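Asks: This structure is in structure tokens; I'll ask about it shortly.
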Amino acid sequence: MPRISRRRFLHDAALSGALLSRPRLFAQPRSSSATSAEANWDGLRLFFDEPAATWQDALPVGNGRLGAMVFGNTSVERIQLNEDSIWDGEYRNRDNPRAGKAVPVIRQLLFEGNVHEAEAMAVKDMLSLPRRMPCYQTLGDLMLDLSASGSTPDAAGSSATTSQPSSYRLELDLDRAMVTTTFTRNGVKFTREVFSSAPDQVIVIRLAAADRGAVSLVATLTRPGDHESAAAGSNGLILRGQALPVNDNPGQQVKERQTGVRFFACLRAHAEGGAVSTTAGEGDQPVQLRIAGADSVTLLLDCATSFRYSAGEAAMVAAVERNLKAAGRRSYADLLSRHMDDHRAIFRRCSLRLDAGPTGAANALDAMPTDQRIQRIKAGGEDPGLFPIFFQFGRYLLISSSRPGTLAANLQGLWNQSVDPPWGSKYTVNINAEMNYWSAERTGMAEIALPFFDLLDSTRPAGARVAKSYYGARGFVVHHNTDLWGDAGPIDGLGGGIWAMGAAWMSTHLWEHYLFSGDTEFLRRRAYPRLREIACFLLDYLTPAPDGYLATGPSCSPENSYRLPDGSAAHLCMSPTMDIEITRAILSKTGQAAKILGVDADLRRQMEKAASRLPPFRIGRFGNLQEWQQDYVEVEPGHRHISQLWALYPDDQITLRETPKLAQACRASLDRRLQYGGGSTGWSRAWIVNCFARLEDGDRCHEQLMELLRRSTLGNLFDVCGEKPSSYFQVDGSLGAPAAMAEMLLQSHGGVVRLLPALPSAWPNGRVTGLRARGGLAVDLAWEGGKARQATLHAGLDRSLVLALPVGQRIESINGRPAARETSGEHGEYRLEVRRGRRYALSLA
């Protein structure tokens, strides 16, 4: 197995501090600190008046590596557990040995119009063997039987009776990154707190009662797949096992081997008062940890895997023991304080407050449980006050599922209850994994993107092999999915599998980090080497087409299909619009990077020449931006993917002012998709909002955000991949929405920083702090009556800045001194010279 750079991943708490304190690599300009009242940190809570009924209703905590879903039950609590490297399968070369000879033939068949023949050959000769990619699995469940807590002895003093709980509340505090359950039973108030600590690398569960001796419980660790449980002394439990595949995909040419990551988890109890013991379960029941008559108890849990500790179980046991011992030496108050300080250091960089509607009405909604607020929205109601919570919930999820040294956030972030989850809960890189990280730079969480960069790096060994064996190319390639081991081959089927742009799209995030930070050392050391490799792949991958342009393929417009002239449906094609957009972007960005660094002049000329031979954008029969080189009609006009709009967002090849006709074609594409039921998944709707933000249409943005809440958001604000409550949870929509809201308030592509470019009329008054703009800038904004009133710029670089104000507005003063407009035009543009470390307070009129 090739060496994978991500082996350095965080597990030990001692490593956590080192990885989380790299001030230079992810240094960011300091924004104004919003006061508690301005930011309303205390109001950033999801709360409920009953426990979660299903897993998708539960509340998440995470430290990037260890995650938990908390149900809040009062009698038998379930806390579902995850560790980010528990995957079935193994590193494996699954390349189709016929691909290298098949690709040129398939290309020729597509050029000649023999699409179905090309597709049949691609299925047989290009798809991986086996097609199934390994999947992410659950660690298991911690079950807490609390039925004896707070019970009342009968007259004989032996058995007990338990009343129904009252004064119930289940709450996720986004600012404290903690789930709290409180209720009263038999006159005793009980409090249960759960968080996942990044500095101490353990999950912490605290159970306490207002009366002494009232806490009793029976704890067990179990799992739906391969596992065994055991006692760890008198005050702990062990769960060990292996993540084995459960889906054998019958009928495939090559069967999945029964291999997977091994894991070792340990739960340890620290009780104040009472008795603690372990006992063997009866029959097939797991070993039990029993706590009786305690004043309070703190449970600590950690897990290690063979992915990080390949030397065997002894190494895993030692790693878990180090973290549990270190955490166990700290008081609960110290563990909580360290956890909150660490979380807030990232979370509090960005705040959003919206003030709309009568104060009394807003306060009434603030007092309503979150699921009821969502139901009210689904019934047609408005709730502007929920948007800041929705915004910060997305940031909370990304912080909780991705930290320096952990694995990247996958399709479900960090949280998965299954051993065979939807779509494998893996890394789908034709939109979903990238969307996960759209908000990282924009909302002040740049270091949170580091695992995504690591994920790209991990694909290089397999990606280089696939590039050479499939396409005879240099560099490396990733198709539409990858996994724990960085697999790169085409999987699944024609709908999305044969699409060679995954690594290329991922690498644009490296360039974006450079643009936001201006860190040339990062560009030289990390970004440019990857961009260069991918540019070399694309130069070799491009092939001359009969029309004289350079073509990509065989490929597809991700997951969509089109009608051939005979009415039949097809997926495979040459040069889908998204391919050309991504290729153009890579050649351009790599060329810019090479010029900045003063390297690779010959390569730059090759890239410029290739870019000049790419096919142009085309406008179709409906006034839409064509998705394919031919003006095909979609089989599904309301398809969830809007891949042809990649050049509008996340890239900026198409802009409202520089390419107005193409921008209008993008709008026509969006309108057509929506007319036929598009945006049918949460992530699709979030992408649509980002596109309307780039078109500077704030009211359409708000309309689509409301549709996202109405159609694809659960009562706990989880996004689902569909429009039914039974649709599967995916984290991407929850993470794409904050990026869209940030894009509505601040944009910085194309060398211009735009204030409130897509402010909806439904948000007339508000304040945001800590948004980031390209060029090392942090921005605070306040607006009233739909007009910007104040803007504070915090410069992280010396630079000349072009600032665009909302239509009809001007800068009245900068740091109290009158300002003069220095650039011409109708868009209220100003040129400002800013210096690193300085603050510029703008009064706007």
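The values are calculated or read from the model by the stated rules, or taken from the named source; none is laboratory data. Please read all numbers here as calculations on a predicted model, not as lab measurements. Don't worry about glycine lacking a Cβ; one is built from the backbone with ideal geometry, like all the others, and counts go over all protein chains shown. Heads up: the accessible areas ignore ligands, DNA and RNA and are worked out on the full protein's heavy atoms, side chains in. Shrake-Rupley method; radii C 1.70, N 1.55, O 1.52, S 1.80 Å.
Asks: Pop a pseudo-label 7 angstrom from the Cα along the beta-carbon direction at both Ser163 and Arg376 and give the gap in nm to one decimal.
Replies: Result for the modelled spin labels: 3.1 nm.
Asks: Right, something else. How far is helix 577-597 tilted, in degrees, relative to the longest principal axis of the Cα atoms in the chain, given as a value from 0 to 90 rounded to the nearest 10?
Replies: With both axes taken from Cα atoms, the answer is about 90 degrees.
Asks: Something else about it: Per the 1.4 Å probe, what fraction of the accessible area of the stretch 272-388, in percent, lies on carbon and sulfur atoms? Don't jump to the answer; show the numbers that get you there.
Replies: Details: 2550 of 5210 Å².
Taking all protein chains in place, the stretch 272-388 shows 49 percent carbon and sulfur surface.
Asks: Angle, helix 698-712 long axis vs. longest principal axis of the chain, Cα atoms, 0 to 90°, nearest 10?
Replies: 50
Asks: With +1 on each Lys and Arg Cβ and -1 on each Asp and Glu Cβ, and nothing else charged, work out how big the dipole of the chain is about its Cα centre, in Debye to the nearest 20. Provide the component values of the computation, followed by the final result.
Replies: Numbers: 95 positive and 91 negative charges, 487 e Å.
In total the dipole reaches around 2340 debye.
Asks: Whenever you get a sec, line up Glu559, Glu634 from highest to lowest accessible area (probe 1.4 Å, protein heavy atoms).
Replies: Values: Glu559 50, Glu634 20 Å².
Accessible-area ranking of Glu559, Glu634, largest first: Glu559, Glu634.
Asks: Excluding same-chain residues fewer than 8 positions from Lys468, which aspartates and glutamates have a Cα within less than 18 Å of its Cα?
Replies: Straight-distance partners of Lys468: Asp95, Asp125, Asp457, Asp487, Glu533, Asp540.
Asks: Another one. I'd like to compare 586-596, 571-581: which one has the highest average count of other Cβ atoms within 10 Å, and what's the full order after that?
Replies: On the way: 586-596: 20.5, 571-581: 25.5.
Packing proxy ranking, top to bottom: 571-581, 586-596.
Asks: Helix 502-517: angle to the longest alpha-carbon principal axis of the chain, degrees 0 to 90, nearest 10?
Replies: 80
Asks: Need one number: nm distance between label points at Lys101 and Asp334, each 7 Å from Cα along Cα→Cβ, rounded to one decimal.
Replies: Result: 6.8 nm between the two label points.
Asks: Okay, moving on. Let's test the formula: R0 of 22 Å, r as the Cβ-Cβ distance of Ala314 and Thr222. What FRET efficiency results, to the nearest 0.05? Don't skip to the end; give the middle numbers.
Replies: Numbers: r = 24 Å, r/R0 = 1.10.
With R0 = 22 Å, the Cβ-Cβ based efficiency is 0.35.
Asks: Just name one of Ser813, Leu336, Ser712: the one whose Cα is farthest towards the positive end of the charge dipole of the chain (beta-carbon charges, Lys/Arg +1, Asp/Glu -1).
Replies: Ser813
Asks: Sticking with this one: Per residue, how much accessible area does the chain show when a 1.4 Å probe rolls over the protein heavy atoms, in square angstrom?
Replies: Working: 29020 Å² over 845 residues.
Ligands and nucleic acids excluded, the figure is 34 Å² per residue.
Asks: Mind ranking 561-568, 742-749 by how tightly packed they are, going by the mean number of other C-beta atoms within 10 angstrom, highest first? It would help to have the intermediate numbers written out before the result.
Replies: Working: 561-568: 12.9, 742-749: 24.4.
Final packing ranking: 742-749, 561-568.
Asks: Leaving ligands and nucleic acids out of the surface, order Lys378, Lys124 by accessible area at 1.4 Å, largest first. Don't skip to the answer; put the middle values down first.
Replies: Working: Lys378 75, Lys124 110 Å².
Highest to lowest solvent-accessible surface, that is Lys124, Lys378.
Asks: Shifting gears a bit: Could you tell me the largest-minus-smallest coordinate of the C-alpha atoms of the stretch 363-510 on each of the three principal axes, in descending order and whole angstroms?
Replies: The principal-axis extents, from largest down, are 64, 32, 26 Å.
Asks: With the cut-off at 1.5 for a/c, could you classify the chain from its C-alpha gyration tensor as rounded, prolate or oblate?
Replies: Verdict is oblate for the chain.
Asks: Any idea how far the Cα center of the stretch 702-748 sits from the one of the stretch 574-648, in Å?
Replies: The stretch 702-748 and the stretch 574-648 have Cα centres separated by 27 Å.
Asks: Along the positive direction of the dipole of the stretch 401-524 (beta-carbon charges: Lys, Arg +1; Asp, Glu -1; about the Cα centre), which of Ala408, His513, Ala464 reaches farthest?
Replies: Value computed over the given set: Ala464.
Asks: Please report the net charge: other residues with Cβ closer than 15 Å to the Cβ of Ala504, K and R +1, D and E -1. Mind showing how you got there, number by number?
Replies: On the way: positive: Arg460, Arg474, Arg530, Arg532, Arg584, Lys589; negative: Glu434, Asp457, Glu512, Glu533, Asp540, Asp579, Glu581, Asp651.
Its environment carries a net charge of -2.
Asks: Could you give me the ³J(HN,Hα) list for the stretch 802-816, computed from phi with Karplus coefficients 6.51, -1.76, 1.60 and θ = phi - 60°, whole Hz, x at Gly and Pro?
Replies: 9, 10, 10, 9, x, 3, x, 10, 9, 7, 7, 7, 10, 6, x
Asks: Report, to the nearest whole %, how much of the accessible area of the stretch 709-845 belongs to carbon and sulfur atoms, 1.4 Å probe, protein only. Walk me through the numbers before you get to the answer.
Replies: Working: 2250 of 5070 Å².
The value for the stretch 709-845 is 44 percent carbon and sulfur by accessible area.
Asks: Also, quick follow-up: Apply 1/(1 + (r/R0)^6) to the Cβ-Cβ distance of Glu608 and Tyr91, taking R0 = 30 Å, and write down the FRET efficiency to the nearest 0.05. Kindly include the intermediate steps, with their values, before the conclusion.
Replies: Numbers: r = 38 Å, r/R0 = 1.26.
So, using R0 = 30 Å, E works out to roughly 0.20.
Asks: With a 1.4 Å probe and all protein chains kept in place, how much accessible area does Thr259 have, in Å² rounded to the nearest 10?
Replies: Counting only protein heavy atoms, the figure is 40 Å².
Asks: Next question. Would you calculate a helix-derived [θ] at 222 nm for the chain, using -39,500 (n - 2.57) for each DSSP H run of n ≥ 4 and dividing by the full residue count, to the nearest 500? Intermediate values should be presented prior to the final figure.
Replies: Numbers: 21 runs with 253 residues, N = 845.
Roughly -9500 deg cm²/dmol at 222 nm, from the helical runs in the chain.
Asks: Stretch Gln108-Arg212 to full length: gain in nm at 0.36 nm per residue minus the Cα-Cα span? List each step's numbers first, then the result.
Replies: Numbers: separation 104, 0.36 × 104 = 37.44 nm, distance 7.90 nm.
Between Gln108 and Arg212, full extension yields 29.5 nm more.
Asks: If you stretched the chain out fully between Asp420 and Asp798, how much longer would it get, using 0.36 nm times the residue separation minus the C-alpha to C-alpha distance? Walk me through the numbers before you get to the answer.
Replies: Working: separation 378, 0.36 × 378 = 136.08 nm, distance 5.11 nm.
Extra length available between Asp420 and Asp798 comes to 131.0 nm.
Asks: Amide H of Leu842 versus every other amide H placed in the peptide plane: which residues, excluding those fewer than 5 positions away on the same chain, fall under 5 Å?
Replies: Placed amide hydrogens put Ala791, Thr792, Leu793, Asn815 under 5 Å from Leu842.
Asks: So, one more: Using +1 on the beta carbon of Lys and Arg, -1 on that of Asp and Glu, and nothing else charged, what's the dipole of the stretch 270-391 about the Cα centre, debye to 20? If you can, show how the numbers build up before the last one.
Replies: Details: 14 positive and 15 negative charges, 91 e Å.
Computed charge dipole of the stretch 270-391: roughly 440 debye.
Asks: Right, here's the next one. Projected onto the charge dipole of the stretch 278-379 (+1 at Lys/Arg Cβ, -1 at Asp/Glu Cβ, origin at the Cα centre), which of Leu289, Leu324, Pro369 gives the Cα projection farthest towards the positive end?
Replies: Pro369
Asks: Another question, then. With a ≥ b ≥ c the root eigenvalues of the C-alpha gyration tensor of the stretch 704-845, is it rounded (a/c under 1.5), prolate (a/b larger than b/c) or oblate? Could you put the intermediate results ahead of the total?
Replies: Working: a/c = 2.77, a/b = 2.13, b/c = 1.30.
Verdict is prolate for the stretch 704-845.
Asks: For every other residue with a beta carbon closer than 15 angstrom to the beta carbon of Gly620, add +1 if it is Lys or Arg and -1 if Asp or Glu, then tell me the sum. Present the calculation step by step, with values, prior to reporting the outcome.
Replies: Details: positive: Arg563, Arg618, Arg621, Lys661, Arg667, Arg672, Arg673; negative: Glu627, Asp631, Glu634, Asp671.
Residues close to Gly620 contribute a combined charge of +3.
Asks: Among the lysines, select those whose C-alpha is under 24 Å from the C-alpha of Lys724, and discard any that sit fewer than 8 residues away in the same chain.
Replies: Cross-link targets: Lys378, Lys426.
Asks: Please check which bits of the stretch 630-661 a label hung off Gln592 would reach, taking the label as a point 7 Å along Cα-to-C-beta and the cut-off as backbone N under 20 Å.
Replies: Hits in the stretch 630-661 for Gln592 at 20 Å: 645-660.
Asks: For Gln630 and Ala120, FRET efficiency with R0 = 25 Å and r from the beta-carbon atoms, rounded to 0.05? Write down the numbers at each step before the final one.
Replies: On the way: r = 20 Å, r/R0 = 0.81.
About 0.75, to the nearest 0.05.
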